[in-house]
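Structure record follows, encoded as C-alpha cells.
Read-outs: derived from the displayed coordinates by stated rules, not from any lab. From a predicted model like this one, the values you see are computed outputs, not experimental measurements. When we count neighbours, we look across all protein chains shown, and the Cβ atoms used for this are built from the backbone with ideal geometry, even at glycine.
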Amino acid sequence: MQRAALGALGGAARAAPRRWFSAAPPVQLRELRELRARTGQPVMRCREALQRAGGDLRQVNCETDFVARTPDFQQLVEMAARGVLGLCRGASGTKHLLREDELAQLRAGDGGDLLSDHLALAMGRLGERLALRRAAWLRAPGGFVATYAHGWVPPGPPVAMGTYGALVACGGPAPGPPPPELQELGRRVAQHVVGMAPASLGTPEDELGGDSETRLLAQGSLLEPGVPLGRYLRERGGLQVWDFLRFQCGEEPPQEPPQEPPAPPA
C-alpha cells in the first residue's frame, strides 16, 4: 500500500515523549472515536495518526497500510484472490490478466455473490472508496509457481499482502515435485523480480546486462550481481524460469494493445 498520512502507523509502537508545549493541534474526541471504530486500531495509534494528519480525518484513506490492517479489507482481498484462483482452475492457457470489469463479475464468498457487491459492502463499512483494479493468474504445467510478497500485513492473513508481489512459473531439470532447495531458489527469483522489476524474460544464454537491463535472465543476480541470473540458476541446480508476473500497489494497469484496423475488402 502506498503510504500517506498514516504510513508511519505501522512502526509507531512507542508514544512520543511528553512536552510542556506542542505545535500539534488537539485531537477531537469525535474524530478519535470515528477513526477507532472505522479501523479497529488502538487508541494511541489513532490519536497519533490524527495528530500527524493535523486532525483531518479525510487524510486517512485506503492508500495507507492503516486501512489494509482491518479485517474487512483483508477479507475482501482474500475473496478476490480465491475468485481469481477458481477462474484459473477452469481456464486454459498459462497466464491471464484480469481487467477491473472482469474482476467485478467474479463470484466470491460463501454465497457466490458478485465481487462488486462485496466491494460495495466493504466501502460502506470502512467509509472509504476502494477499487479492485487488476488481478492475474499464472500457471506452470509440469513445474511450480514460486511467490514472494514484500511488506505483508501482520499477523498474517490467509492471503499474503504487501506493497509488491511476484509470481514466477518455474520448472526443475527433471520431472516430478521440485526438491526444497529448488523451491527456495524459485522464491529468491520471485524476490529478484520484485526488487529489479524486469520487463521481459530473456534467455538462459543472455550475457550480463548493465544497470538499465530489463531482461530478467540477463540481470545480475541479487546474490551475485556480477553473474547473469540465467547462468546463476544453471550453476545451482538448473532451475528453469518460464514466465513471471509482478505487481506494485499504485501502478497503472497495463494498457490494452492497440487494435489493428480491418483490412480493406479485396
Checklist outcome for this item: Sorted on mean Cβ neighbours within 10 Å (highest first), peptides 109-116, 164-171 come out as 164-171, 109-116
Checklist entry - So for the pair S200, L97, with labels modelled 7 Å out along Cα→Cβ, what separation do we get in nm? => result 1.5 nm
Item to check | Peptide ranges 246-252, 102-108 listed from the most packed, as the mean C-beta count within 10 angstrom indicates | outcome: 102-108, 246-252
Checklist outcome for this item: Computed from every Cα-Cα pair in region 76-126, P(r) in 5 Å bins starting at 0 and rounded to whole percents is 4, 20, 32, 23, 12, 5, 2, 1
Item to check | Size of region 88-152 as Cα extents on the principal axes (Å, biggest first) | outcome: 44, 30, 22
Next on the checklist: For a quick check: sort S212, S200 by the number of other beta carbons within 10 angstrom, fewest at the front.
Outcome noted: S212, S200
